[in-house]
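What follows draws every value from the coordinates through simple rules; no lab data is involved. Please read all numbers here as calculations on a predicted model, not as lab measurements. FYI the Cβ positions are ideal-geometry reconstructions off the backbone, even for glycines, and counts take in every protein chain you see.
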Amino acid sequence: MRRGDTAAIVVALSLSVAASLGLAYATQSQKTIQEGVFTEGQVEQGEKVWEEICSQCHPMDIFGPDYMIGWEGATAGELFELLQATMPYESPGILADNEYLEVMVFLFSLNGVKHGQEELPADAPQLYGITIAGPFEWSGGGR
Ligand code: HEC
């Protein structure tokens, strides 16, 4: 074998290693909210937060599919941090992290997003690994 051939093989090998690592990274770290990433219990807790606090100002159905579509491609981390930073409107940040998380997954579930078996942690860096994606179908009342 000539020297040049060996070099070409080494380059080809390292490219394919890089490609498979890249793929592993993408599939491991990025999920969507459609993959059963929160539990039914979290949705139920979120509904309580909604009723006690958010419903004072918001009719539920303004956060239906039209609203969710605007978030497609963003991450759950971004919506979580927006809620923490801005809601409730007059006193943002007063709720516990898990309450912001629960009310967020409640909004997802109102839009037909299914729950799964594993709890979603109220942890922004991990939530940045979860993309908001449809399909969205309104399953709440009030429409
Ligand atoms: C005191 C009234 C009030 C309460 C309580 C309240 N909100 Fe809001 N919310 C508002 C107002 C007003 C806006 C519009 C703010 C703006 O456009 O700057 C808003 C906007 C929003 C938005 C849209 C943000 C965006 O930019 O897309 C979301 C989502 C939201 N609220 C969720 C919630 C949730 C969840 C709760 C309960 C934890 C809550 N709100 C509690 C008044 C309230």
Taking placed amide H atoms and a strict 5 Å upper bound, the residues 5 or more places from Gly116 or on another chain that come that close are Val37, Phe38, Thr39, Glu40
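Which length gain, in nm to one decimal place, applies between Lys114 and Gln56 when the Cα-Cα distance is subtracted from 0.36 nm times their residue separation?
Working: separation 58, 0.36 × 58 = 20.88 nm, distance 2.61 nm.
18.3 nm is the gain from fully extending Lys114 to Gln56.
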By Cβ neighbour count within 10 Å, fewest first, Val37, Val105 rank Val37, Val105
For Thr75, other-chain or 5+-apart residues with amide H closer than 5 Å (H placed, Pro excluded) are Ile132
In the stretch 33-131, taking the dipole from +1 charges on Lys and Arg beta carbons and -1 charges on Asp and Glu beta carbons about the Cα centre, the listed residue (Gly129, His115, Thr39) farthest towards the positive end is Gly129
Packing-ranked peptide list from 91-103, 57-69, highest mean Cβ count within 10 angstrom first, is 91-103, 57-69
